[in-house]
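Below: the structure, in C-alpha cells.
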Amino acid sequence: MSVRKGLSILAGVALVLAVLAHFNTSLGIAPYLLVLATSVLFWVIQATSWNILSGYAGYFSFGQAAYVGVGAYSVAVLTGRHDVGYPVSILVGGLLGALLAAVTGAVAFRLGALRGEIFALLTLAVPFILAAFVRINRDIDGGLGTTLPLPDFPGWVGDFQHLIFLLMLLVATLAVGTALWVQGSRLGRGLNAIHDNEDAAEALGVPTFRYKMLAIVLSGALGGLGGALLAVRNGAVQPELVFTLTVPLFVIVMSVLGGRRHWAGPVVGAAFVTVLQDELAAQELDQWGNIILGAVLVLFVVAAPDGLFGRLRVRPWLTVGVFVPVLVGLLLSGQYTELDAILYAMVAAIVAALVVDRLRPAPGAVSSPAGHLEPSAAPTEGARPTEPPATRPAGAAPLADLPQPAPPPVPPVAQSPPGELVSVAGVTRDFGGVRALDDVSLSVSSGEIVGLVGPNGSGKTTLVNLLSGAMPPTRGTIAIGGRTTTGLAPHRVAHTGVARTYQIPKPFASMTVRDNVAMAVMFGRTGASLASAREAAVRHLATVRLEHLADALPDALNLHQRQLLEMARAIAAEPVVLLLDEALAGLNPAEIDDAVAVIRRIHAAGISIIIVEHLLRVLNQLATRIVVLDRGVLIADGEPATVLRDPAVVRAYLGRQRA
Ligand SMILES: Nc1ncnc2c1ncn2[C@@H]1O[C@H](COP(=O)(O)OP(=O)(O)OP(=O)(O)O)[C@@H](O)[C@H]1O
C-alpha cells in the first residue's frame, strides 16, 4: 500500500469515527464506549509516538512519561495559571515535548556509547528528574497538583466528552499518519537499517544522527500533544499521575504486542490492551485483573513475538471474517455488553489467526518484518537458497573445477580518478594507553589492490576504521580523492567514495538480501529511489553471484554468502575505494577461490581495493602492492614478492606465524 493510499484510508477512518461519535446517541452507541474510545486514542498516540523511535530505530526508551508530563503541565500551567487559551497551550505542550526530545537526543545520540540498555536507562531518569522539578517548583505545581479551567467549545461539538474525543481523534490521526509516512519514507528505511545494524547503516551512507534526531523529535512532539490532551480530559494534573512508569510500561507492552516494525502495530496493541484492561476493571476482579491482564499479554507475545499485526495482516479476510460474525452474534444474543462483545470478537480473531498460522504458516507470517518494506521484497519463511550453498558436500569437486557460467556483466561504477586516491599522512591512533597506529603514512593510487598485512593486533582493522571514518585519528590526516575526510561522520566519508566490509558480516537482519543491497544504492552517492535501488541491487548481486538468493533473509546464508552480500552491498554504494577487512576469514579453499574471482571482478569494474588478509597465497594472487604493519608501525610497503622476502617482515609477521 502506498503512503498516499494509506493516508487517505486513515483520513476516511477518522472521518467515520468522528461521525459515529457525533451521532452516538441517535445510533444507540452507549456513552461509555465514547469514553473508552477516548482512552484507546490516547494510548494509540502514546504507543505510536514511542514506536517511531523505539520500534523503527530500536532505541528502547522508558522516557515516554516525560513527554506526557511536559505536555500535561504545559496546558495546566498556561491555562490554569496564566489564562492562555487552550489551542495555544496544547500546541506549546507539543513543542515542549519536541524540545525535551531534542535535548535528550542531542545528548544521547552524540555519544556512541549511549546505545541499548544505557540509552534506556538515560530515558528512564528523565521523567524522575522532571517529576522532582515540578514538585519543588511552586510556579508549576509545588506538590499540590494543578487544575485546569473548563474549556470553551462551539455548540456543534455537543458536550465535553465529544470535544475531548474529537481532539484525541485529531492527534491520534496525526500520530498514525506521521508513523505511516515515516515508515514509507527514506527516513523510515534508514531507521530500520539503524535498528538492524547502526554501524553498517552509517558506513553505507545513512545519516544516523540526523535520522535519530528526527525520530525522537517527532516522538516527543506527538507524546507532548497527547499529554496535553490528557490534562484537558482530566481537568487536573499531578506529578505522580503523569510522570509515572505506567506510561512507558503500557506503551512498550502495546507496541511489542501489536508489532514494532509497522505503523499499525501500536494501534492494534493499544486498542487490544486498553479494551482488555477496561473489561477486567469492569469485572471488579481486584488484583486478579492485573494478573489476568499480564498472563494474557505474555501468552500473546509468546505466540506472536513479531507482534499481532504481522499475523493478522497475513490473513486479513480471516481476521475480519471471524471478528465481525462473532461481534454481531454476541450483540444479537443480548447476553453481552458492547464492550464484552468487542473484546471477545478481538480475542477470537487473534486466536483464529494464530492457530491457522501455526497449522499452515503463510508466506511472510514469520520472517517478514511486519511490512517494513513493500511486499515485492517481503522475505518469506520459505525463502531459502534455491541453489546449493557455496559450501560443498564432502568429496564434491571444488567450485573452480566445475563448469562455470560466464561471469555476469559488471554493473557500471564510478571510475576512480587517476592518480592518488587515498592519502594517509602521519596517522596515529591511541586507545587509552595502547598506541594502535603510530605515525603511519600511506598512499594508494587508482587501480591498485593493496594488501594490508601484519600480525594480530598490529593495527590493520584500526586503519580500516580510520579510513571509513568509523573513528577519528588521534593525530594525522586522511584524504580520499584529494578531499580531507578526517573528522567527517562515516556516512559523509562513504559519500566521498569509501565502502567497507566487516570481518564479521553485519547484514540488516530484517531485510532481504536484495533490500540489504538496495539500502546501499539508496543511501549511497546516487541517492536512488527504493524502486530503482532494488533494480540496481539485483545487478550488484549478480556480480557476486548471489542473485538467486535475492529474496532470502541473511539468516539463511552461510558465511561465504554473507561475505559476498557484504561485498555486493559495498559496491552498490558505487565506491572508488573498497576496504575488505578479512573478507576471506573462515572460508574453505573453494569458497576462497570463488571470493578471489569476485574481488577480481570488482577490481575490473574500476574500484581500487585495500584488503586486510592473513592468507599470503591470496595476496600473491590479488595484490599489486603489500603494506605491512607491526605494532602499529608501517614496516614495509612495496611489490608483493619484494615485501614478503624482506627480513623485517619475515621476522615480524611470517616468523611469528610459523612459531
Ligand atoms: N576500540 C578499541 N578500544 C581499545 N583498543 C582497541 C580498539 N580497537 C583496537 N584496539 C587495540 O588496538 C590494537 C590494534 O588492534 P586492531 O584490531 O586494529 O589490530 P588488527 O591488526 O586488526 O588485529 P587482528 O588481525 O587480530 O584483527 C590492539 O592492541 C587492540 O587491542
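The values are calculated or read from the model by the stated rules, or taken from the named source; none is laboratory data. Quick caveat: nothing in here was measured; it's all calculated off a predicted structure. Because the Cβ atoms are built from the backbone with ideal geometry, glycine has one as well, and the counts that use them run over all protein chains shown.
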Out of all the residues in the stretch 506-515, is one or more surrounded by fewer than 19 Cβ atoms within 10 Å (Cβ to Cβ) and modelled with pLDDT of 90 or more? yes
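Among the residues of the stretch 204-217, which ones are of a type outside the set (S, T, Y) and part of a helix (DSSP H, G or I)? Can you show your working first?
Taking the stretch 204-217 as the starting set, the residues that turn out to be of a type outside the set (S, T, Y) are 204-207, 209-210, 212-217.
Once the filter is applied, which keeps residues that are of a type outside the set (S, T, Y) and part of a helix (DSSP H, G or I), the stretch 204-217 yields L204, F209, R210, K212, M213, L214, A215, I216, V217.
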Those residues that are over 26 Å from the mean Cα position of the chain (by Cα) and not in a helix (DSSP H, G or I), I need them from the stretch 218-266; list them, please. G235, A236, V237, Q238, F243, T244
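Residues to consider are A21, A66; find the one that is surrounded by fewer than 24 Cβ atoms within 10 Å (Cβ to Cβ) and either farther than 30 Å from D306 by Cβ or in contact (Cβ under 8 Å) with a residue 40 or more places away in the chain (or both).
Values: A66 fails: surrounded by fewer than 24 Cβ atoms within 10 Å (Cβ to Cβ).
Sole residue among the options that is surrounded by fewer than 24 Cβ atoms within 10 Å (Cβ to Cβ) and either farther than 30 Å from D306 by Cβ or in contact (Cβ under 8 Å) with a residue 40 or more places away in the chain (or both): A21.
How about the stretch 481-504: which of its residues are in a loop (DSSP other than H, G, I, E, B) and within 15 Å of the ligand (Cβ to nearest atom)? Break it down stepwise before answering.
In the first step, residues of the stretch 481-504 are kept if they are in a loop (DSSP other than H, G, I, E, B); the result is 481-482, 485-489, 496-497, 501-504.
Selection gives T501, Y502, Q503, I504.
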Cβ contacts < 8 Å: first residue assigned by TED's automatic domain parsing to the domain that holds R534, restricted to the stretch 509-523; second residue among the polar types (S, T, N, Q) and assigned to a loop (DSSP other than H, G, I, E, B), any location; separation 6+ or different chain. Result? A509/N197; M522/S529
Among the residues of the stretch 445-480 satisfying the criterion of being among the hydroxyl-bearing types (S, T, Y) and near the ligand (Cβ under 9 Å from one of its atoms), which is farthest from the chain's Cα centre (by Cα)? S458
Give all pairs with beta carbons closer than 9 Å in which a residue from the stretch 475-497 that is at negative phi meets a residue that is acidic (D, E); count only pairs at least 6 apart in sequence or on separate chains. R475/D430; R475/D439; A479/E420; A489/E202; P490/D199; P490/E202; H491/E202; A494/E202
